[in-house]
Structure formats: C-alpha cells, structure tokens
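Note sheet for the following structure.
Only the coordinates and a few stated rules stand behind these numbers; no lab work does. Just so we're clear, the structure is a prediction, and the values are computed from it rather than from any experiment. As a convention, Cβ positions derive from the backbone with ideal geometry for all residues, glycine included, and neighbour counts pool all protein chains shown.
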Amino acid sequence: MISATLVLLVFILFVYNYYVRNGKNGRLINLIPGPPVYPIIGCIHPFLISRDDLWTFFTIACDTYSVIFKTWYCFVPVVYISHPDDLEVVLSNTKHNKKGFIFHMLRPLLHTGLFTSEEPKWHSRRKLLAHTYNLNIIQQFIKVLIKEGENMITSLNNSGNAVIKDLVPLLNEYMLNAVIEIGVGTSLRDLGMFQQQYREALERMHEPFISRFWKPWLYINWMFFLTSEGREYRKIVKMFEKFTDLAIIKRKFYHDCTNDKYLPNFDNDRSTKEDSSKSIGYNAKLQKNQFAMLDLLIAESRKGHMIDSDIKEEINTFIFMSYNTTMNSMCFTLALLAEHRDIQIRVRNEIRTALQNNGNKFTVELLQDLTYLERCIKESLRLYPTNFMISRIIEKDLKLSI
C-alpha cells in the first residue's frame with residue numbers, strides 16, 4: 001500500500017513537472033540559459049552544500065551566463081538579471097512591484113511595513129512617511145549619530161593600548177544605541193538588564209534568517225516554523241514586538257498627559273519637557289527641540305492616517321533595516337579604507353582640517369565639508385550595496401532590454 005502510494009505520488013510529481021516546465025511560461029523560461037536542472041528538484045541541489053560553496057556556485061553562474069540566467073527551484077522558475085537596463089525595466093514599472101520571497105521572509109517581524117508592503121499600501125505609506133520628514137528633522141537625527149560617535153571615540157581612547165581585532169561588536173553597540181534613540185526616543189542604557197537581552201536577540205535573529213535564505217524549502221512559513229530555528233525566530237520576534245508595543249504605549253501616554261502640547265511642532269517648544277516627563281513617571285524623556293521617529297508617527301495617527309499596528313510596522317522596519325544596512329555599510333567602508341592607505345590618509349586629513357576650521361567640534365554643518373569622505377562612502381555603497389539582491393514576482397509578460 002505504501003509503495004503504491006509513493007509510486008503514485010512520484011508519477012503525479014513527474015506529470016506536474018512536465019506540465020509546468022513545458023507549458024507556455026515554462027518554454028519561455030527554458031530559452032534563458034542557466035545551470036543544468038533535474039526533474040522535480042530542478043536546481044535545488046546546490047543548496048545542500050556549504051554556504052561558501054553555494055556562494056561560489058552563484059559567482060560562477062554569474063560569470064558563465066553573464067547578465068541573465070535562470071534556475072528552477074522545484075517547480076518555481078527564478079531568473080537572475082544584473083544588467084542596469086534590465087533592472088530599470090523591472091523596477092520602473094509599477095506592474096512588477098509585487099515583492100518576492102526575500103521580502104516575504106521578513107514579514108513575521110516587519111509585517112507589511114514600508115520595506116515589505118506592496119501596492120497600493122506601499123505607495124500611500126511611502127508618500128505619508130516622505131511627507132513626515134524635513135531637513136530640520138533629519139538634522140536632529142544626525143545629532144544623535146554624532147553623540148554616539150563621540151561616545152565610541154571616548155571608549156576607544158579609554159581602552160589605552162589594547163588592540164581591538166574585531167570592530168563589529170564595538171560598532172554594533174553604538175550604532176544600535178543611535179538607532180533605538182532615533183526610532184523610539186529611548187536610550188538602551190536606561191533599560192537595565194533588558195538592554196543586553198535585546199542586543200543578544202538582535203544578533204541571534206540573523207542566523208535563522210540567513211539559514212532560511214539558503215534553504216528554499218524553508219521559504220514557506222509553516223515549514224520554517226516547524227524547525228528549531230523557526231521556533232527560535234518566533235521567540236525573538238515576540239521580544240521585539242513587546243519592546244515596540246511598550247515604547248508606543250509609553251510615548252502615547254506621555255503625549256496624552258501633555259495634551260499633545262509637544263507633538264505638533266517641536267521646533268516651537270520653549271518649555272522644559274523633562275519636567276513634564278518626570279511628573280508622569282516616564283523615564284524616556286523628550287529633550288528640548290529633540291524627538292523621535294515614533295513621535296512623528298504618533299502625530300500622523302492623531303490625524304487618522306495610522307493606527308497602532310501601522311506604527312509598530314514602521315518602527316520595527318526602521319530599527320531592523322537601519323541597524324543592518326548602516327552596520328554593513330560602515331564595516332565595508334572601514335575595510336576598504338584599511339586596504340587603501342593612501343585614500344585613508346586623504347580622508348583623515350580632510351576630517352582633521354574640517355575639525356580645525358570648526359573649533360574641533362563635530363557638527364551637522366561640518367558634514368558639508370567632508371566631500372571626499374562622502375565620495376568614498378558612495379563608492380563603498382556601489383561596490384558593496386546594502387541590499388545586494390532585489391526580488392520581484394512577475395505576473396505579466398515582461399520584455400527585457402537584452
């Protein structure tokens with residue numbers, strides 16, 4: 001009985017395999033060059049090897065097939081393109097804005113925030129958030145980054161002659177401090193023991209996600225959450241959501257108690273916000289002329305544009321994506337400067353001159369004088385982009401430029 005069932009199952013899979021790969025769409029996909037594929041499993045076998053070997057597999061495929069190649073993951077065709085003209089065709093057309101599997105894997109944490117949402121929600125949310133920001137707000141956020149940068153320099157100076165072999169943990173600490181303060185207006189240093197738990201959870205989150213990325217059979221949520229990694233990932237997501245929910249409740253409570261006095265226009269605030277925050281027992285104080293992204297979203301919710309779940313989506317998106325992208329960019333930029341000492345010296349001289357001209361104070365205005373450093377950062381982003389892969393699901397016929 002079992003043997004007959006297995007034979008029938010294999011037969012059905014072969015029939016379905018023939019139907020999918022030899023149908024209209026399958027025949028068109030098969031015209032695109034690519035690595036050899038096998039019945040049913042397609043090209044899923046390279047994912048059974050180590051990550052290093054898998055990376056080598058994709059590197060060789062890109063070199064062999066140039067600007068475009070295809071693979072089959074079981075019955076799902078995936079086409080990889082790298083030519084700028086082809087990317088423009090896909091990304092500039094709103095008909096092809098449906099996010100691919102990479103974005104779906106982030107939805108347990110980010111739900112349908114700006115990074116993972118699709119039309120029409122993506123367009124309306126992007127318009128809303130873009131309208132929220134202005135130059136004065138961005139400058140206030142930069143001040144937080146400058147403060148944490150100075151804290152990091154102080155820590156390095158206090159380390160004496162100790163050699164720091166791995167900069168990542170050091171950068172992690174101060175970058176996360178800045179991201180949390182900009183995002184929800186709370187300093188991680190004020191959270192006691194929870195601070196370390198939060199940092200460790202953020203670090204642990206990467207491994208299940210990366211492991212899932214290299215295992216296509218775990219792209220399906222229910223299959224992933226059956227694994228030990230999926231269960232660990234779910235626990236971490238709950239911790240993140242608990243932190244964000246608490247931050248939203250406290251921040252809204254503060255503005256309720258002050259009758260939104262400090263919410264509409266922070267630039268015109270002439271009173272002491274710290275005293276008001278003490279009176280309601282809220283230790284995440286709003287400093288004068290300084291506020292967080294959460295305050296901007298609460299202001300939009302007061303207008304009826306957002307609800308609490310929308311705010312949570314965007315805060316989680318901001319924290320997770322800002323932390324990861326900024327950390328990666330910093331590491332790559334520092335690594336490139338370390339490899340090119342002549343450029344590093346030129347950058348150091350530019351910074352030293354700018355500081356001397358500004359009274360040895362690092363300010364927002366000083367950034368405008370660091371033009372060579374800006375070019376180096378942009379070149380680093382070109383060589384090592386923060387998001388090296390963008391996936392889209394194509395539901396209508398598409399003609400590439402090649």
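Estimate the FRET efficiency between H83 and T227 by the formula 1/(1 + (r/R0)^6), using the beta-carbon distance for r and 30 Å for R0, to the nearest 0.05.
Result of the calculation: an efficiency of 0.25.
Just from its helices, what would the mean residue ellipticity at 222 nm be for the chain, if runs of 4 or more DSSP H residues each count -39500 (n - 2.57) and the sum is divided by every residue, rounded to the nearest 500 deg cm²/dmol?
On the way: 17 runs with 245 residues, N = 402.
Calculated from helices alone, the mean residue ellipticity at 222 nm is -20000 deg cm²/dmol.
Over 10 Å intervals from 0, what percent of Cα-Cα pairs in the range 123-212 sits in each interval?
In whole percents, the pair-distance histogram is 13, 34, 33, 17, 3, 0.
For the peptides 244-254, 375-385, 179-189, what is the packing order when you average, over each peptide's residues, the other Cβ atoms within 10 Å and list the highest mean first?
Ranking, from highest mean packing down: 179-189, 244-254, 375-385.
Suppose every Lys and Arg Cβ carries +1 and every Asp and Glu Cβ carries -1, with no other charges. What dipole size does the chain come out with about its Cα centre, to the nearest 20 debye?
Working: 49 positive and 42 negative charges, 144 e Å.
Rounded to the nearest 20 debye, it is 700 debye.
Please sort 387-398, 199-210 by packing, taking for each peptide the average over its residues of neighbouring beta carbons within 10 angstrom, highest first.
199-210, 387-398
By the gyration tensor of its Cα atoms, with a ≥ b ≥ c the square roots of the eigenvalues, what is the shape of the range 54-182: rounded for a/c under 1.5, prolate for a/b over b/c, or oblate?
Judged from the Cα gyration tensor, the range 54-182 comes out oblate (a/c at least 1.5, b/c at or above a/b).
Compute the length gained on full extension between T353 and L167: take 0.36 nm times their separation in residues and subtract their Cα-Cα distance, giving the result in nm to one decimal. Before the final figure, lay out each step's value.
Working: separation 186, 0.36 × 186 = 66.96 nm, distance 2.55 nm.
Gain on extension, T353 to L167, equals 64.4 nm.
Taking only the alpha-carbon atoms of the chain, what semi-axes of the equivalent ellipsoid follow from 5 times the gyration tensor eigenvalues under a square root, in whole Å, largest first?
Three semi-axes, in Å: 43, 28, 22.
When only Cα pairs under 8 Å and 6 or more residues apart are kept, what is the percent relative contact order across the range 63-105?
Reported relative contact order: 24 percent.
Out of residues 5 or more away from F69 or on other chains, whose amide H comes under 5 Å of its own, with H placed 1.01 Å from N in the peptide plane?
Distant-sequence amide H within range of F69: Y80.
Please compute the net charge surrounding D310, taking Lys and Arg as +1 and Asp and Glu as -1 over other residues with Cβ under 10 Å from its Cβ. Please list the in-between numbers first.
Details: positive: K121, R125, K312; negative: E300, D308, E313, E314.
Local charge sum for D310: -1.
Taking 0.36 nm per residue of separation and subtracting the Cα-Cα distance, what length does fully extending D190 through R375 add?
Length gained between D190 and R375: 62.9 nm.
Scan the chain and note any complete DSSP helix (H) whose C-alpha atoms cover at least 27 Å along its axis and whose Kyte-Doolittle average is 1.6 or more. The partial results should precede the final answer.
On the way: long enough: 2-21 (28 Å, 1.75); 135-158 (35 Å, 0.21); 193-213 (31 Å, -0.91); 228-257 (44 Å, -0.74); 308-339 (46 Å, 0.21).
Span-like helices in the chain: 2-21.
Could you sort 152-159, 360-367 so that the peptide with the highest average Cβ count within 10 Å comes first and the rest follow in order?
Listed from highest to lowest mean packing, they are 360-367, 152-159.
Could you state, as a whole-number percent, how many of the C-alpha pairs of the range 7-83 are farther apart than 14 Å?
Of the Cα pairs, 64 percent sit more than 14 Å apart.
Give me the net charge of T116's neighbourhood, meaning all other residues with Cβ under 12 Å from the Cβ of T116; Lys, Arg count +1, Asp, Glu -1. Display every interim value, and only then the final one.
On the way: positive: K98, K99, R107, K121, R125; negative: E118, E313, E314.
Every neighbour counted, the sum reads +2.
Tell me the net charge near Q196. Cut-off is 14 Å between Cβ atoms, Q196 excluded, with +1 for each Lys or Arg and -1 for each Asp or Glu. Before the final figure, lay out each step's value.
Working: positive: R189, R199, R204; negative: E173, D190, E200, E203.
Residues close to Q196 contribute a combined charge of -1.
Would you please give the FRET efficiency between I394 and R126, computed as 1/(1 + (r/R0)^6) with r the Cβ-Cβ distance and R0 = 22 Å, to the nearest 0.05?
In this case the efficiency is close to 0.55.
Mind giving me the FRET efficiency for Y384 and V7? R0 is 45 Å, r the Cβ-Cβ distance, nearest 0.05 is fine.
Efficiency at R0 = 45 Å is approximately 0.35.
Which parts of the range 173-208 would a label at S329 reach, counting a residue when its backbone N lies under 19 Å from a point 7 Å out along Cα-to-Cβ?
What the label zone holds, given the 19 Å backbone N cut-off, is 173-184.
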